[in-house]
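*Asks:* Handing you this structure, nothing more for now.
The values are calculated or read from the model by the stated rules, or taken from the named source; none is laboratory data. Just so you know, these numbers come straight off a predicted model, no measurement behind them. No Cβ is skipped: glycine too gets one built from the backbone with ideal geometry, and neighbour counts run over all protein chains shown.
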Amino acid sequence: MRHGDKVKNLSRTKAHREALLSNLACQLIQHKRIVTTTAKAKALRIFVEPLITKAKTNTTHQRRVVFSYLGDKEAIKELFGAVAEMIGGRPGGYTRIIKLGARPGDNAETAMIELVDFNEIYGKGTEATKAPAKKTRRSAGSKKKAEAAPAETEALAADAPAAE
């Protein structure tokens with residue numbers, strides 16, 4: 001029984017699983033999105049999000065800690081460079097999993113896992129191209145109604161003498 005065991009084993013030994021997740025994480029960091037099975041994508045999310053959080057603080061210690069998980073210098077440069085710059089203000093939730101359906105060869109459920117801030121089409125996009133958000137408040141609605149009411153009465157008053 002596996003009561004309280006939160007590790008997704010993926011039918012692999014510990015060493016095989018760590019190597020698999022390390023390679024998937026390196027590819028995700030370098031390519032910004034990868035297609036894999038749904039189970040691997042969910043396990044990868046748990047593996048890579050703490051590493052991205054560590055990349056927010058660019059210190060030698062954090063680089064060494066992340067390198068102990070990934071083991072790829074190019075992925076470390078990309079993670080602490082471009083990725084950390086994009087996700088600097090985000091409090092969490094750096095990845096998105098989109099289910100794609102069954103794979104034709106073995107009918108495995110596939111999913112695309114991607115870094116959220118690097119998808120301009122599906123995500124928010126760049127701040128410069130976006131229009132500023134409209135600020136609405138409930139109390140502002142009553143002011144608009146109050147301003148509109150005298151204008152309507154003036155319009156009605158102007159129409160009334162013309163009708164006579």
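*Asks:* Return yes when E74 is of a type in the set (D, E) and either surrounded by 15 or more Cβ atoms within 10 Å (Cβ to Cβ) or under 24 Å from T36 (Cα atoms) (or both) and no when it is not.
*Replies:* For E74, the condition - of a type in the set (D, E) and either surrounded by 15 or more Cβ atoms within 10 Å (Cβ to Cβ) or under 24 Å from T36 (Cα atoms) (or both) - is met.
*Asks:* If we keep just the residues of region 45-81 that are polar (S, T, N, Q) and either in contact with a strand residue (DSSP E or B) (Cβ under 8 Å, 6 or more places away or on another chain) or not in a helix (DSSP H, G or I) (or both), which is farthest from I97 (Cα to Cα)?
*Replies:* T59
*Asks:* I'm told A41 meets every condition in (1) over 15 Å from A25 (Cβ atoms); (2) touching a strand residue (DSSP E or B) at 6+ places or on another chain (Cβ under 6 Å) except one. Can you identify the failing condition by its number?
*Replies:* The one condition A41 does not meet is (1).
*Asks:* Shifting gears a bit: With the structure loaded, tell me whether T129 is outside any helix (DSSP H, G or I) and either modelled with pLDDT under 95 or within 17 Å of the chain's Cα centre (by Cα) (or both) or whether it fails that test.
*Replies:* yes
*Asks:* Just for region 1-44: of the residues that are closer than 25 Å to G105 by Cα, of a type in the set (K, R) and part of a helix (DSSP H, G or I), which one is nearest to the chain's Cα centre (by Cα)?
*Replies:* K42
*Asks:* Inside region 58-71, can you point out the residues that are over 17 Å from L24 (Cβ atoms) and loosely packed, with under 11 Cβ neighbours inside 10 Å?
*Replies:* Taking region 58-71 first, the residues over 17 Å from L24 (Cβ atoms) are 58-65.
Of everything in region 58-71, those that are over 17 Å from L24 (Cβ atoms) and loosely packed, with under 11 Cβ neighbours inside 10 Å turn out to be T59, T60, H61, R64.
*Asks:* Only residues that are aliphatic (A, V, I, L, M) and either touching a helix residue (DSSP H, G or I) at 6+ places or on another chain (Cβ under 8 Å) or not in a strand (DSSP E or B) (or both): list them for region 82-111, please.
*Replies:* A82, V83, A84, M86, I87, I97, A108, A111 - these are the residues of region 82-111 that are aliphatic (A, V, I, L, M) and either touching a helix residue (DSSP H, G or I) at 6+ places or on another chain (Cβ under 8 Å) or not in a strand (DSSP E or B) (or both).
*Asks:* Mind checking which residues of region 57-112 are aliphatic (A, V, I, L, M) and in contact (Cβ under 8 Å) with a residue 40 or more places away in the chain?
*Replies:* L70, A75, L79, V83, I97, L100, A108, A111, M112
*Asks:* Within region 35-55, track down each residue that is touching a residue at least 40 places away in the same chain (Cβ under 8 Å) and surrounded by 19 or more Cβ atoms within 10 Å (Cβ to Cβ).
*Replies:* Across region 35-55, the qualifying residues are T36, A41, L44, V48, I52.
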